[in-house]
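A.B. asks: My questions all concern the structure below.
The values are calculated or read from the model by the stated rules, or taken from the named source; none is laboratory data. Fair warning: this is a prediction, and the values are worked out from it, not measured in the lab. When we count neighbours, we look across all protein chains shown, and the Cβ atoms used for this are built from the backbone with ideal geometry, even at glycine. To get the accessible areas, we keep the full protein, side chains included, count just its heavy atoms, and leave off ligands, DNA and RNA. Shrake-Rupley method; radii C 1.70, N 1.55, O 1.52, S 1.80 Å.
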Amino acid sequence: MVASGRCLFFLLLFLSFSLSNSKPVENPQFPCKPPTHNTYSFCNKSLPITRRAQSLISHLTLQEKIQQLSDNASGIPRLGIPHYEWWSESLHGISINGPGVSFKNGGPVTSATGFPQVIVSAASFNRTLWFLIGSAIAIEARAMYNVGQAGLTFWAPNINIFRDPRWGRGQETPGEDPMVASAYAIEFVKGFQGGHWKNGTETESTGRHGIGQKRVLLGEDGEINDDKLMLSACCKHSTAYDLEKWGNFSRYSFNAVVTEQDMEDTYQPPFRSCIQKGKASCLMCSYNEVNGVPACAREDLLQKTRTEWGFKGYITSDCDAVATIFEYQNYSKSPEDAVAIALKAGMDINCGTYVLRNAQSAVEKGKLQEEDIDQALHNLFSVQLRLGLFDGDPRKGQFGQLGPKNVCTKEHKTLALEAARQGIVLLKNDKKFLPLNKKDVSSLAIIGPLANKANSLGGDYAGYPCDPQSLFEGLKAYVKKTSYAIGCLDVACVSDTQFHKAIIVAKRAGFVIVVAGLDLSQETEDHDRVSLLLPGKQMSLVSSVAAASKKPVILVLTGGGPLDVSFAKGDPRIASILWIGYPGEAGANALAEIIFGEYNPGGRLPVTWYPESFTEVSMTDMNMRPNPSRGYPGRTYRFYTGNRVYGFGGGLSYTNFTYKILSAPSKLSLSGSLSSNSRKRILQQGGERLSYININEITSCDSLRFYMQILVENVGNMDGGHVVMLFSRVPTVFRGAPEKQLVGFDRVHTISHRSTEMSILVDPCEHLSVANEQGKKIMLLGGHILMLGDLEHFFTIQIY
């Protein structure tokens, strides 16, 4: 079974089984309470969502309508509607960020499962895992809602492209590749919004991956029902948002100048996939300007989500992003203009109070019409209705049996452990130094300012984890004689006063692990890095300890952003390097399992690790493609032309693998997939002399799809998961073509000295096309290359 499927399959069954074991302790406030307030048409579950939303809007005064346009929507007592908080966060577990969630108000839920930060889960390259994480978080969120400790609308996932390695919030994203970010968005959103539920229980459907590939919320008759939602997920931050505070530039006023080409093939694909395929019910517009227009005022981009992408949901601003239109960006002439511009552009709700304070005046001055407000309310109420908020007592609803016992379950904590295991990346392993044999380790030292801090392993947008454990505690469970030294007083490591103690501890130990890297003091929201090196004197600490140790040391790297650790990569005194990122509450256990060989590492880097010299590139340059004339090297593995410390997709295993391509076409003919008008035009223009076809001229992309059949052989002595990555290279005649681009990926579980067959679907319209300078997708004719490890498969795309 693919994707470590056996383990995850049973986890899915456990998640389903656990639902019947809990009842809510108390009930949240809800509309449509009998006997007084349940007779309105908007309470009638038999009516269509649109009619119910219209009914609700018709009962409101203008002032009541305006009071709904904030994340903290006011209650309407005369209609029996309590206040509602739209802002809750669930990036990698229920978060303490946002007022919609409360762990400390005396409620029965005081913690929630802390999954690895997104960048770590992304390193697993495991779609099934991403879906299950979303599903588990959803169970805990809905359980907390049922006891009045959370809302139903959560602002995750963050699917911006990790464009620059210095970005403080890159850790929250699935990495630098648009295809990976898109896949993550689809799976997380489907899982989070309740894609596996039917009548209060989870369902699984089998397919090529063993665990369901088509997961949708089902109605009572078993039919697909896109209207129903367990919870609402939000794709953020649209768009081209990837700068916090760098030099004199701030996210609140930064103007991201983006080419149409980069917009089409890099910045927008994750959002398009999140909406079209993930069916997300919320989109968040970002602080920054995009080509001179604030993102929340970009009517062309916001309306496109509805007219072209089929978006059925609401659009929220980032918090106070409407205020920035006037206050920071000076785009509007007045606060009223800012409010009117955003609402008319397609934004429905403002996180903050700016709209509340200025909408009435905007209406009175004729800048905003009540109809504009009604449209926003229709989008907002429609999502609440799909969530069942107006269906009466939630205890009697589809998810009414979820409660405190469904939070921090054994199954969820096991899933968090599995996610950490699969996301940890082995970057160096000289002479097969790892794994260590526990019997051979008489004593162990762990050194570093993050080695004994359990609360440093979550990253940003974390919550209160169920069972936090430090790395020191996790390793001590394996080797009783484990000592610890801080090395540096904190991650900034401005002083070497603690070095001597670390060196003494290292000299006494049989084996030494040094923990270095980043924490939230170095990278987080509103804080970008200026260097890619280890902070302060950490590099000196690592080298000093390595020189004192009896044996080569193991270097464990924390943090979400790439690091230039060239010194360690080339130092024979540092035998192994492991990147753990922010591995969540089970990270210590996962790291210990990998170090002592109980788990075979298989994670791959979802971002390029650049050298320190990359910091000479301006962080404000949004161009993906290189420009040799001005010494600009480009960005991400798709376009970057400079040196790398470690490349995208890098990662080792304790075993070795070989590939064999079993089947793939040698040529692909487009003739049967072109419209008659296109064929006439091609004949008139010379047919074979054409170098490309516009994607919109292809009438049947489905007919061009094919599977590449692959044999993966584990030629080593240890079972383990393996990430298979298929790349493509298009004909070089095209200016601005990627160096290579990811076509498909999958994680397979392999058995030592055995082969595993798998296949990767190639959709030429999606995977083999490129964007031209006008932002239009085209398919290049001629020779293409599919690359699988060291193997290359050549094939031709032609008209006839």
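A.B. asks: If you take the square roots of the eigenvalues of the alpha-carbon gyration tensor of the stretch 623-665 and sort them as a ≥ b ≥ c, do you get rounded (a/c under 1.5), prolate (a/b over b/c) or oblate?
C.D. replies: Numbers: a/c = 4.50, a/b = 1.85, b/c = 2.43.
Judged from the Cα gyration tensor, the stretch 623-665 comes out oblate (a/c at least 1.5, b/c at or above a/b).
A.B. asks: I need the shape label for the stretch 487-552. Rule: rounded when a/c is under 1.5, else prolate if a/b > b/c, else oblate, with a, b, c from the alpha carbon gyration tensor. Intermediate values should be presented prior to the final figure.
C.D. replies: Numbers: a/c = 2.76, a/b = 2.31, b/c = 1.20.
Cα axes put the stretch 487-552 in the prolate bin.
A.B. asks: Calculate the length of the line joining the C-alpha centroid of the stretch 465-534 to that of the stretch 233-253, in whole Å.
C.D. replies: 30
A.B. asks: Quick one: what does P(r) look like for the chain with 20 Å bins over all Cα pairs, in whole %?
C.D. replies: Spelled out bin by bin, the chain gives 16, 48, 32, 4, 0 percent.
A.B. asks: Based on the Cα gyration tensor of the stretch 295-451, what are the three equivalent ellipsoid semi-axes, each the root of five times an eigenvalue, rounded to whole Å and given largest first?
C.D. replies: Values: eigenvalues 482, 132, 47 Å².
For the stretch 295-451, the semi-axes come out at 49, 26, 15 Å.
A.B. asks: Still on this structure, please answer the following. Place +1 on the Cβ of every Lys and Arg and -1 on the Cβ of every Asp and Glu in the stretch 42-119, take the dipole about the Cα centre, and give the residue among 97, 83, 53 whose Cα lies farthest towards its positive end.
C.D. replies: 53
A.B. asks: Considering only Cα-Cα distances, which of the following residue pairs are longer than 22 Å: 277/344; 481/537; 667/740; 312/405; 453/476?
C.D. replies: In this structure, 277/344; 481/537; 312/405 lie more than 22 Å apart at Cα.
A.B. asks: Quick one: dipole size for the stretch 288-335, taken about the Cα centre, charges +1 on Lys/Arg Cβ and -1 on Asp/Glu Cβ, in debye to the nearest 20.
C.D. replies: Details: 5 positive and 7 negative charges, 42 e Å.
Computed about the Cα centre, the dipole is about 200 debye.
A.B. asks: Residue-wise, which Karplus ³J(HN,Hα) couplings in Hz belong to the stretch 65-82, taking 6.51 cos²θ - 1.76 cosθ + 1.60, θ = phi - 60°, and x for glycine or proline?
C.D. replies: 5, 4, 5, 8, 8, 10, 4, 9, 6, 5, x, 10, x, 5, 9, x, 9, x
A.B. asks: Another question, then. How long are the semi-axes of the equivalent ellipsoid of the stretch 93-161, taking √(5λ) for every eigenvalue λ of the Cα gyration tensor, in whole Å from largest down?
C.D. replies: Working: eigenvalues 114, 30, 22 Å².
Working through the eigenvalues yields semi-axes of 24, 12, 10 Å.
A.B. asks: With a sphere of radius 10 Å drawn around the Cβ of residue 478, what net charge do the other residues whose Cβ falls strictly inside it have (Lys, Arg +1; Asp, Glu -1)? List each step's numbers first, then the result.
C.D. replies: On the way: positive: 438, 476, 480; negative: 593, 598.
Once all neighbours under 10 Å are counted, the net charge is +1.
A.B. asks: A further question on this structure: How about residue 438: which aspartates and glutamates have a C-alpha closer than 18 Å to its C-alpha, ignoring those fewer than 8 places off in the same chain?
C.D. replies: Once the sequence-local aspartates and glutamates are set aside, what remains near residue 438 is 473, 593, 598.
A.B. asks: Express in whole angstrom the spacing between the alpha-carbon centres of the stretch 604-670 and the stretch 750-793.
C.D. replies: Distance between centres, Cα-based: 15 Å.
A.B. asks: Also: Just want the answer: with Cβ charges of +1 for Lys and Arg and -1 for Asp and Glu, which residue in 482, 456, 442 is farthest toward the dipole's positive end in the stretch 440-505?
C.D. replies: It is 442, whose Cα lies furthest towards the positive end.
A.B. asks: Using the heavy atoms of the protein chains alone and a 1.4 angstrom probe, what is the accessible area of the stretch 241-281 per residue in square angstrom? Numbers along the way, then the final one.
C.D. replies: On the way: 1430 Å² over 41 residues.
Result: 35 Å² per residue.
A.B. asks: Could you please report the charge total around residue 794, scoring K, R as +1 and D, E as -1 over all other residues with beta-carbon less than 13 angstrom from its beta-carbon? Don't skip to the end; give the middle numbers.
C.D. replies: Working: positive: 667, 729; negative: 792.
It works out to a net charge of +1.
A.B. asks: Also: Considering amide H positions built from the backbone, and no H for Pro or chain starts, which residues 5 or more places from residue 692, or on another chain, come under 5 Å of its amide H?
C.D. replies: Long-range HN contacts for residue 692: 781.
A.B. asks: At a threshold of 8 angstrom on Cα-Cα distance, excluding pairs fewer than six apart, so keeping six or more, what relative contact order does the stretch 265-407 reach in percent? Write down the numbers at each step before the final one.
C.D. replies: Details: 184 pairs, mean separation 29.4, N = 143.
Relative contact order for the stretch 265-407 comes out at 21 percent.
A.B. asks: Given 376, 709, 309, which one lies farthest toward the positive end of the charge dipole of the chain, if we put +1 on the Cβ of every Lys and Arg and -1 on the Cβ of every Asp and Glu?
C.D. replies: Among 376, 709, 309, the one farthest towards the positive end of the dipole of the chain is 709.
A.B. asks: Quick one: check the C-alpha center-to-center distance for the stretch 270-284 versus the stretch 44-101, whole angstrom.
C.D. replies: Cα centroid of the stretch 270-284 versus Cα centroid of the stretch 44-101: 21 Å apart.
A.B. asks: Could you sort the peptides 625-632, 495-502 by per-residue average Cβ neighbour count (10 Å cutoff), highest mean leading?
C.D. replies: Details: 625-632: 12.0, 495-502: 15.2.
Descending packing order for the listed peptides: 495-502, 625-632.
A.B. asks: How much of the accessible area of the chain, in percent, comes from carbon and sulfur atoms when a 1.4 Å probe is used? Please list the in-between numbers first.
C.D. replies: On the way: 14150 of 28740 Å².
Carbon and sulfur atoms account for 49 percent of the accessible area of the chain.
A.B. asks: Starting at the first residue of the stretch 596-606, write each ³J(HN,Hα) from the Karplus equation 6.51 cos²θ - 1.76 cosθ + 1.60 with θ = phi - 60°, in whole Hz, x for Gly and Pro.
C.D. replies: Going residue by residue, I get 9, x, 7, 9, 8, x, x, x, 10, 5, x Hz, with x marking Gly and Pro.
A.B. asks: What does the accessible area per residue of the stretch 568-635 come to in Å², with a 1.4 Å probe and no ligands, DNA or RNA counted? If you can, show how the numbers build up before the last one.
C.D. replies: Numbers: 1830 Å² over 68 residues.
Result: 27 Å² of accessible area for each residue.
A.B. asks: So how strong a dipole does the chain carry about its Cα centre when Lys and Arg Cβ are +1 and Asp and Glu Cβ are -1, to the nearest 20 debye?
C.D. replies: Details: 80 positive and 76 negative charges, 361 e Å.
Around 1740 debye, computed over the chain.
A.B. asks: Just the accessible area per residue of the stretch 705-800, please: how many Å² with a 1.4 Å probe?
C.D. replies: Values: 3860 Å² over 96 residues.
Result: 40 Å² per residue.
A.B. asks: About the Cα centre of the stretch 269-423, how large is the charge dipole given +1 on each Lys and Arg Cβ and -1 on each Asp and Glu Cβ? Please answer in debye to the nearest 20.
C.D. replies: Working: 19 positive and 19 negative charges, 178 e Å.
Once rounded to the nearest 20, the dipole reads 860 debye.
A.B. asks: If you stretched the chain out fully between residue 790 and residue 105, how much longer would it get, using 0.36 nm times the residue separation minus the C-alpha to C-alpha distance?
C.D. replies: Details: separation 685, 0.36 × 685 = 246.60 nm, distance 5.66 nm.
Length gained, residue 790 through residue 105: 240.9 nm.
A.B. asks: Among the trypsin sites (Lys or Arg not before Pro) in the stretch 394-492, which ones are in a DSSP loop with at most 13 other Cβ atoms within 10 Å of the Cβ? Mind listing them?
C.D. replies: Details: sites: 395, 396, 405, 410, 413, 421, 428, 431, 432, 438, 439, 453, 476, 480, 481; in loops: 453, 480, 481.
Hits after loop and neighbour filter: 480, 481.
A.B. asks: Okay, moving on. What number, in percent, do you get for the relative contact order of the chain if the mean sequence gap of Cα pairs under 8 Å and at least 6 apart is divided by its residue count?
C.D. replies: On the way: 1969 pairs, mean separation 119.2, N = 800.
Computed over the chain, the figure is 15 percent.
A.B. asks: Which shape class applies to the stretch 750-789: rounded if a/c is under 1.5, otherwise prolate when a/b exceeds b/c and oblate if not, where a ≥ b ≥ c are the square roots of the Cα gyration tensor eigenvalues?
C.D. replies: Details: a/c = 3.86, a/b = 3.13, b/c = 1.23.
Prolate.
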